Each structure stands twice: as structure tokens, then as C-alpha cells.
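The values are calculated or read from the model by the stated rules, or taken from the named source; none is laboratory data. Only a predicted model underlies this, so the values are computations on that prediction, with no experimental measurement involved. Glycine also receives a Cβ, built like all others from the backbone with ideal geometry; neighbour counts cover every protein chain displayed. Areas reflect the complete protein model, heavy atoms only, side chains present, ligands, DNA and RNA absent. Shrake-Rupley method; radii C 1.70, N 1.55, O 1.52, S 1.80 Å.
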Amino acid sequence: MHHERIAILDYGSQYTRLITRRLRELGAFGLVYPSNATAQEIRGEDLRGVILSGGPNSVLEAGAPDLDAAIFELGVPVLGICYGQQLMARDFGGELHRSSQREYGKATIRCQGQDSILFAGMAGEQVVWMSHGDHVEKAPEGYIVTASTPTVPVAAMENQALRRYGIQFHPEVTHSVNGSALLLNFLEHCGMRLDWNAGHFIEEKVVQIRTQVGSGRVVLGLSGGVDSSVAALLLHRAIGKQLTCVFVDHGLMRKDEMKQVQAYFSPFDLSVVWVDASQEFLGKLEGVTDPETKRKIIGSTFIDVFDREAKKIAADFLGQGTTYPDVIESSGIGGAVLVKSHHNVGGLPERMKLKLVEPLRELFKDEVRKTGLALGLPEDMNQRHPFPGPGLAVRLPGAITRERVHILQEADAIFLDELKISGWYGKTSQAFAVLLPVQTVGIMGDERTFEFMCALRAVTSEDFMTADWARLPHELLDRIAQRIVREVKGINRVVFDITSKPPATIEYE
Ligand code: XMP
């Protein structure tokens with residue numbers, strides 16, 4: 001590898017991956033190591049600095065994760081964050097204040113930027129994100145205190161001669177307003193070349209994938225969503241024809257979905273098996289109205305169909321577009337509660353007994369998109385709203401029939417079309433039509449009608465854990481409603497959903 005590296009020792013903080021993300025944003029490559037990694041393991045010509053992460057333990061406990069002291073002799077600057085700072089204070093003769101309670105939230109530190117490396121260019125007060133039990137009460141000899149709060153006397157400390165730095169707060173969390181500036185100061189102090197970009201990420205992953213897969217065969221479920229599409233292109237770049245993608249049409253796709261995905265991928269020389277399994281899915285769903293039962297049926301049928309196709313390919317590996325937020329959600333970090341069973345997280349790997357290749361595992365959504373662009377994924381494909389695995393099933397409360405799917409597809413296509421024309425598609429995070437199982441009376445021409453009601457849902461969201469309804473202009477809503485009622489047979493009334501999440505969820509089931 002030609003690029004330079006910061007080694008990050010992971011002491012178990014939920015924010016460790018955020019450190020790598022912030023470094024990448026600043027153009028620096030960070031590699032996470034377990035906390036028991038030795039100096040020997042992380043040394044190298046490309047090493048420019050070391051960051052010790054935060055962690056849930058107390059450094060004063062017996063058996064708490066430790067640090068190989070030889071790391072301080074590697075000749076590169078070391079930055080300890082929270083637990084990392086406390087380790088440094090403990091080992092170099094500082095004093096620690098032990099606390100049984102964890103304090104977390106925003107805090108205001110008073111820093112002095114004048115003689116500081118980390119706070120260079122900053123002065124006075126700034127808001128930071130704290131999350132700690134113990135804190136450093138007195139800095140070790142030879143260290144200057146560069147920031148404090150009324151309750152945390154050593155919020156930051158530096159020993160510039162030895163190039164060792166400690167901070168009690170988390171610069172990687174966006175609530176720390178100068179967090180990125182502080183990390184940039186550290187990187188510059190390390191003499192890091194800030195040239196890391198999506199191209200480097202791709203190069204590096206290509207090498208890793210080739211090493212992992214060897215001459216094996218990989219099968220990947222291509223849904224047409226951003227994550228699986230980017231994973232497919234990245235794997236394809238690495239192993240070419242050893243990758244086969246399987247696209248399963250469960251009959252609950254958006255209008256012309258399969259055709260669109262085919263068009264997007266036609267410029268690439270990808271091997272894709274296109275499976276029309278709509279008969280099988282819709283047959284099993286007949287008469288089912290319970291949301292969780294629908295999800296379970298779709299999930300297990302998907303696995304059946306996919307497994308059948310994978311066996312024909314005789315795959316050794318299962319490729320997946322798992323991203324970092326998926327990893328957090330399925331591990332329950334952050335106390336995620338299971339509200340709905342997501343069919344495309346888990347399930348497949350257990351059943352198929354294939355080894356996993358997940359090249360996007362450490363990336364956040366916007367980084368996946370950047371990687372997609374660098375791999376040549378068309379811009380509009382790259383900017384697509386997420387579409388749930390169970391597809392329109394979760395937007396069709398009540399019984400699912402081919403006819404109702406068709407009505408919904410038509411209404412949804414009009415909605416998306418108008419959003420794109422008006423420029424609102426890019427300003428919303430997710431937008432779709434829902435077909436309610438309610439028939440109401442209307443009048444068209446001289447005739448009484450008794451037809452279905454369509455709900456429009458458009459939301460803005462950072463992470464899809466919470467969402468607000470999008471304030472679409474009345475004139476746009478008017479145009480959409482008129483078109484739907486006029487053009488879609490089976491709908492005579494349109495409503496707009498103005499509920500945020502929580503208390504509602506984004507999807508209807
Ligand atoms: P909810 O409805 O839980 O949705 O507010 C949050 C986000 O997750 C998507 N979603 C799914 N995605 N498989 C998926 O891949 C699923 O089973 C599934 N259910 C919901 C939803 O579209 C929204 O973006």
C-alpha cells in the first residue's frame with residue numbers, strides 16, 4: 001500500500017469506528033487494531049501515529065485492557081481519547097479520579113490554544129461530547145494541561161517533547177464542535193499526507209477481496225439498492241467472473257424495477273441471474289394480512305429461492321453489502337429495539353453455511369455512495385432512496401393480490417416521477433405511495449365510484465431511526481393527487497401522511 005496509516009487501538013468504545021470515519025473525511029487512512037495488539041504488530045514504514053480509543057472499562061480495575069508500552073517507543077505521536085488518556089496518565093504517574101457513575105453528554109471545556117498542538121488555532125470555550133466514568137485528576141509530570149471543565153481538571157493534556165497527547169472527550173462525535181479541527185491538528189502534527197480517498201479504498205479492498213476469496217466463487221443478492229450494487233461492482237472489480245449476482249423479483253418490486261436495474265448494470269460485464277419468482281411469493285402470501293407473518297413468509301421464501309440459485313452456482317462465499325450502520329443495528333449497540341424483522345439482515349448466512357465477504361462493512365452510507373461513484377455507478381442509481389427488502393408488501397396493509405400490487409406500482413411511479421421533475425426527490429430521504437385497504441365513495445364524471453385510498457409518505461431523515469415528514473408544496477401535492485386519481489384505475493382518493501417517526505414508523509408494516 002502506498003498510503004500512510006494511523007493505527008487505532010480499540011478499547012471497546014462504541015465510537016471507535018467513528019474515529020476512522022472522521023479520519024477518512026480528513027483524507028487520512030486509519031486501521032483499527034484490537035487493544036492487545038503489540039508494537040511489533042502495528043509498526044511499519046507507513047505508520048504515522050497511534051490513537052488509543054475510549055472504552056467502557058476503568059483502567060484501575062484488575063484485568064482492564066492494557067497497552068504494550070513499546071508502542072510509545074515507535075517514534076510516532078500518540079493520542080489517547082478518554083480511556084486511552086487514562087491509560088497514559090496511569091502509566092506515566094498521573095492521578096486518576098475513580099467514579100462509579102458514568103457522565104455523558106455535552107460539556108463546555110475551557111481550552112488554551114496558544115501553546116497547544118491539539119488546540120492550535122482555538123481558544124476559550126468550546127462544546128465537546130463527554131462519556132466517561134473515571135477522569136484524570138492530575139497530569140503526569142512533564143505534561144501541560146491544555147483544557148479543563150469545572151468537574152474535570154484535566155480535560156486535555158500534552159507532552160510535546162515526547163509527542164504524547166490525551167483528551168477526556170470524544171472529538172470523533174459531531175457534538176464536539178471542533179472535533180474534526182482537533183483531529184486535523186493531530187494528523188498534521190503526525191506529518192500525515194492527507195490524500196486518502198474512495199480510489200484508495202477501492203484499491204485496498206480489491207487486494208483484500210482477492211486474498212480472502214482466492215479462486216473461490218462468490219454469490220451476491222443484487223437488489224438494485226445502493227449497498228448491494230456498490231458491493232457487486234467492488235467484488236466484480238476484484239474477482240471478475242468469479243462473482244455471480246442473483247436478482248430475485250418477488251413480485252413486490254416498484255414499477256419496472258427489474259428493467260431499470262438491468263439497464264443500470266448493462267454497461268458492466270457482470271454475471272447476473274435474473275429470477276422471476278413472483279408466482280411463488282404471491283402464492284404463499286395469498287390471504288395473509290398480518291404484517292409480521294407477511295415479513296416472515298417473504299424472508300423465508302427469499303432464502304429458499306436464493307439458496308436454490310446459489311447451489312446451481314456452487315458458491316463458496318456469500319457477498320453482502322452490509323454497511324457499518326447495519327452492523328450496529330444487528331449487534332444491538334446503542335440499544336436498538338427490534339420493531340420489525342428485517343429480512344435481509346441475518347438469515348441467509350446461517351442457512352447457507354457460506355463464508356461471508358462484506359467489503360463495505362466499515363463504511364457509512366455517504367461513503368458507500370462516494371465509493372459507488374468512483375466505481376462508475378450512475379449518479380441517479382447512486383442517489384436512490386432505500387427500498388425495503390419485503391418491497392411493496394410493507395406498503396400494502398391488508399391482503400396482497402396482484403391487482404393491488406399493480407395499482408400501488410402505478411400510483412407510486414407517478415409520485416416518484418413528479419418528485420423527480422420538481423427536484424424534490426433529492427430533498428427527501430424516502431418517498432413512496434401506500435395503498436390503504438379502505439374503499440371510499442367518490443364521484444367521477446357522473447358516476448359514483450367506490451375505490452381504494454392511496455396515502456403518500458415522504459420523509460427526511462439522517463439515519464432512518466427517526467424521521468420527519470417532508471413539507472412538500474401544496475401545488476406539488478395537488479398535481480400528484482390529480483394525476484393519481486385520473487391515471488390509476490382503482491384509486492379515487494389521495495391523502496398525505498404528516499406523521500413523524502416516532503411515533504409512526506416510515507413503512508406501514
Ligand atoms: P421503519 O419502517 O422501521 O423503516 O421506520 C426504517 C427504514 O428501514 C427500511 N426497512 C427495511 N429495509 N428490509 C430492509 O432492507 C426490511 O425488512 C425493512 N423494513 C423497513 C425502511 O424502508 C426505512 O428506510
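Scanning the stretch 35-55 for residues being of a type outside the set (S, T, N, Q) and either touching a Pro at 6+ places or on another chain (Cβ under 9 Å) or under 23 Å from Leu182 (Cα atoms) (or both) gives a total of 9.
Would the stretch 484-498 turn up any residue that is under 30 Å from Lys296 (Cβ atoms), within 16 Å of the ligand (Cβ to nearest atom) and within 29 Å of the chain's Cα centre (by Cα)? Scanning the stretch 484-498 turns up at least one residue that is under 30 Å from Lys296 (Cβ atoms), within 16 Å of the ligand (Cβ to nearest atom) and within 29 Å of the chain's Cα centre (by Cα).
Here Ile498 passes the criteria (1) within 22 Å of Arg384 (Cα to Cα); (2) open to solvent by 80 Å² or more (accessible area, probe 1.4 Å); (3) part of a loop (DSSP other than H, G, I, E, B) except the one numbered (1).
Within the stretch 332-383, the set of residues being surrounded by fewer than 16 Cβ atoms within 10 Å (Cβ to Cβ), modelled with pLDDT of 75 or more and within 16 Å of the ligand (Cβ to nearest atom) comprises Asp366, Gln383.
Checking the stated criteria, Ser116 turns out not to satisfy the condition of being hydroxyl-bearing (Ser, Thr, Tyr), surrounded by fewer than 21 Cβ atoms within 10 Å (Cβ to Cβ) and touching a strand residue (DSSP E or B) at 6+ places or on another chain (Cβ under 9 Å). The criterion of being open to solvent by 30 Å² or more (accessible area, probe 1.4 Å), at pLDDT 95 or above, in a helix (DSSP H, G or I) and assigned by TED's automatic domain parsing to the domain that holds Leu96 does not hold for Ala161. Comparison of Ala64, Ala28, Ala37 shows that the only residue that is buried (at least 23 other Cβ atoms within 10 Å of the Cβ), hydrophobic (A, V, I, L, M, F, W, C) and more than 14 Å from His170 (Cβ to Cβ) is Ala28. Do we have any residue at all in the stretch 310-317 that's among the small types (Gly, Ala, Ser), more than 16 Å from the ligand (Cβ to nearest atom), open to solvent by 60 Å² or more (accessible area, probe 1.4 Å) and within 27 Å of Val218 (Cα to Cα)? There is at least one residue in the stretch 310-317 that is among the small types (Gly, Ala, Ser), more than 16 Å from the ligand (Cβ to nearest atom), open to solvent by 60 Å² or more (accessible area, probe 1.4 Å) and within 27 Å of Val218 (Cα to Cα). Of all residues in the stretch 248-294, those satisfying the criterion of being closer than 23 Å to His385 by Cβ and among the acidic types (Asp, Glu) are Asp249, Asp256, Glu257.
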